[in-house]
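Input: a single structure, listed below in structure tokens.
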Amino acid sequence: MEFRPTRFSVAGLCLGGLAALAYAQWDSWALALVGLVLSVGWLIADGLDGMVARATKTASPLGRMLDGLCDHGVFALIYISLAITIDTPEAWILAIAAGCAHAVQSNMYEGERSRFHRRLKGIALDAPPVPTGNALVRFYDGVASSIDRIAMPFERTLGQASDPVALGASYGARAVAPLRFMALLTANVRVWAIFVACFAGNPRIFWWFEIVPLTLVAIVGLVWHRRVERAFVRTTTPPRPKTASRMHLS
């Protein structure tokens, strides 16, 4: 049997859909627990699709987009199922706001994570990537790489370094802290947060957790990471040569 990463993505989406159905009965602690188990199954499938893509060298922009859309789709189904059970204007507003916050936070975190791992190898980005493919792929990649333009000063510093691998290692030693902090934006944390909120008998807890604390995590992590970059840019940028008008003639 041929293993294709897209099959794991679709399997994960199915498990996530079943988790959403279970969470539609969140007032039952047993079904909330079933929702957690199915969500963990989705996380496993979500991890396998990337592993298979790398092992079989079948990674592609379309597969990456499909993986991301399946991830967002699972959470969208859970948000919708919870909002339907409460069915008040406030619940729908919170669910939509949480979903939008989630999409932005996840895309930014994935961009930061891939940027970090690339730099550890001493590989600099020559210019912000130009999204290619169909309109949907271009939009997804454009959002995921939106921070690349802001991060270009460090990319140029890394590209001009005499030993980019050593500079990448030094950068990694300092940048690992903000990246670990931003790991609070992973799906694992959200899966547990949904279960805790439902087990506590109030799904609104999860929506507010998504909107306020996780948004603050994203902002602090992005600012922290940029500060690490700027420190390296300042210390490795050679001084500007003096102009003829400023030089003293002997």
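Quick notes on this one:
- Every test in (1) closer than 26 Å to Ala200 by Cβ; (2) surrounded by fewer than 17 Cβ atoms within 10 Å (Cβ to Cβ); (3) at pLDDT below 90 is passed by Asp71 save one, and that test is (2).
- In region 196-206, the residues that are open to solvent by 30 Å² or more (accessible area, probe 1.4 Å) and touching a residue at least 40 places away in the same chain (Cβ under 8 Å): Phe199, Gly201, Arg204
- Checking each residue in region 166-190 for being within 18 Å of Ala103 (Cβ to Cβ), in contact (Cβ under 8 Å) with a residue 60 or more places away in the chain and open to solvent by 40 Å² or more (accessible area, probe 1.4 Å) picks out only Asn188.
The values are calculated or read from the model by the stated rules, or taken from the named source; none is laboratory data. Computed from a prediction, not measured in an experiment: that's the story for all the values here. Every residue, glycine as well, gets a Cβ built from its backbone with ideal geometry; the counts of neighbours run over all protein chains shown. The protein model used for the area step is the full one, side chains on, heavy atoms only, and it has no ligands, DNA or RNA in it. Shrake-Rupley method; radii C 1.70, N 1.55, O 1.52, S 1.80 Å.
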